[in-house]
Amino acid sequence: MNKYLPLGKISFGMGDRFGHQGRAQLRACIQATELGAEITPVWNKSNREHSFIGTDPSSLRIEADAAIKSLGWKKPYHVDADHIRLETVDRFIAPSDFFTIDVADSIGKPAPADEVQRFVKRHAELAGKICVPGIGYPIDISRAEVERVANKFLLAVNEAGNIYRHIAGTKGAQNFITEVSMDETDTPQTPHELLIILAALGDERIPLQTIAPKFTGRFNKGVDYVGDLRQFEKEFSDDLAVIADAVMKYGLPASLKLSVHSGSDKFSIYEPMRRALKKSNAGVHIKTAGTTWLEELIGLAEAGGDGLAMAREIYAEAIEHVDEFCVPYAAVIDIDKTRLPAFRTVNGWGPEQFVAALRHDQKNPLFNPSFRQLLHVSFKVAARKGDRYLEALKKHEAVIAKNVTENLFERHLKPLLFGESERTSPVRKVPLVASPT
Ligand SMILES: [Zn+2]
């Protein structure tokens, strides 16, 4: 297998649309390490986000480096070119050292018949009853099923190989981490499909360290998971077993792990994931994104005065363009329009009421998921305000930073790394898989 830049066992991806919260985000990681966790911070931003906001990929590197320097972080950290493709990767190559190669668009496009046949022949071990350690029953895959899965995914895998080799040719294989993402597609990949996909990625000699499948259930933007938690836990834990098996069989890096593109705030799956990871001593990459911008709005509202006025103004424009903002995200939001308050109503809200409606505290009866999701997808309103918005971020930096750090630490890192029941305990706890494999 080719050389690669190693990735830590537990890594945490953070998105920051407007590029001002790097330090506040890193502070949350520092707080987790102070409690004994070992985590690798990763800053991620997709080509899509860069084009919406009008930023260049180099700005994320500058932001991450500045945060690292300012807070004296001495351990590894990375900058992730999130969801890139062959036609968009070039401007990411110099500033990034983590590449999320998105091949979801090629899933389902039939692969050349002779390639499918060669794959099926080469991987006779995939057909029949397969015993994967960690899965309590044999997986039974017929030869026809191997063929079906190969036909569905081989083109996507070949494309991942092309993009990987393009990056490696420019940057040097030893200088970056490779992720392949298949999450932005219609149907979840089952554990046995994942095994076949990993065999194919091994054939492509991609030193894959993270893979992002689509999981069962709904991963709506900025709100909690919707789906069957028991089924999720089983699928997640079977995927972990399949990955460990594929590492042995197909020469993939030992550090290969699942990447969960959470769309942020999937609080209810943290505990099931934690249990599964603990049981199998596996690592994980969690990708959160986007909701840092909601913490900026919360901070502005909490600041009152002109901060609150800016937050109200953004909502007024968001509700005015509700269809325009929601259509591109239709598959990943569930907004009940009857629950969206009129802008006149919101203009009458004080800081507490605005914050309570927006902050993701499901125990608060004033929390309004429709209000939150609309604002989440309306970041273009803030982007259009340009310097006026950025000046407000600077002016209210202290209160915003507090919200950004607290959100990542209290609602994400703590439940994932330390568990729900331990959240309120001041005693130093043994965190999830602190020891290297
Ligand atoms: Zn994704």
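The values are calculated or read from the model by the stated rules, or taken from the named source; none is laboratory data. This structure is a prediction, so every number in the text was calculated from the model and none was measured. Quick reminder, even Gly has a Cβ in these numbers, built from the backbone with ideal geometry, and neighbours come from all protein chains shown. For accessibility, only protein heavy atoms count, side chains too; no ligands or nucleic acids. Shrake-Rupley method; radii C 1.70, N 1.55, O 1.52, S 1.80 Å.
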Original post:
Can you work out the FRET efficiency for the pair A309 and S58, with r the C-beta to C-beta distance and R0 = 45 Å, to the nearest 0.05?
Top reply: 0.85
Original post:
Largest first, how would W349, W293 line up by accessible area (1.4 Å probe)?
Top reply: W349, W293
Original post:
If E233, E406, E193 are ordered by their accessible area, calculated over protein heavy atoms with a 1.4 Å probe, which sequence runs from highest to lowest?
Top reply: E406, E233, E193
Original post:
Antiparallel DSSP bridges in segment 58-178: what percent, to the nearest 5?
Top reply: 40 percent
Subject >> Cα-based equivalent ellipsoid, the chain: semi-axes from gyration tensor eigenvalues, Å >> reply: 37, 23, 22
Original post:
Hey, got a sec? Which chymotrypsin sites (Phe, Trp or Tyr not before Pro) in segment 42-87 land in a DSSP loop and have at most 15 other Cβ atoms within 10 Å?
Top reply: none
Original post:
Cα to Cα, under 20 Å, and not fewer than 8 places away if on the same chain: which aspartates and glutamates meet these conditions relative to K74?
Top reply: E34, E38, E63, D65, D97
**OP:** Provide the gained length on full extension for the span D228 to Q362, in nm with one decimal, where the gain is 0.36 nm per separating residue minus the Cα-Cα distance.
**Re:** 46.4 nm
**OP:** Would you calculate the separation in nanometres between label points at E34 and A330, each defined as 7 Å from the Cα along the Cα-to-beta-carbon direction?
**Re:** 4.7 nm
**OP:** For segment 270-328 and segment 89-117, compute the distance between their C-alpha centroids and round to whole Å.
**Re:** 28 Å
**OP:** Could you check the simple spin-label distance between N175 and N347, using points 7 Å along Cα→Cβ, in nm with one decimal?
**Re:** 5.4 nm
**OP:** Pick out the long, greasy-scoring helices in the chain: whole DSSP H runs spanning 15 Å or more along their own axis by Cα, mean Kyte-Doolittle at least 0.0.
**Re:** 57-71, 191-203, 291-303, 305-320
Original post:
So how much accessible area does Y225 have, in Å² to the nearest 10, using a 1.4 Å probe?
Top reply: 20 Å²
Subject >> All lysines inside 19 Å of K279 as judged from Cα atoms, apart from same-chain residues fewer than 8 positions distant >> reply: K9, K234, K257, K414, K429
**OP:** With runs of 4+ DSSP H residues as the only contributors, calculate the mean residue ellipticity of the chain at 222 nm using -39,500 (n - 2.57) per run, divided by the residue total and rounded to the nearest 500.
**Re:** -15000 deg cm²/dmol
Subject >> Exposure ranking of H78, H192 by accessible area [1.4 Å probe, largest first] >> reply: H192, H78
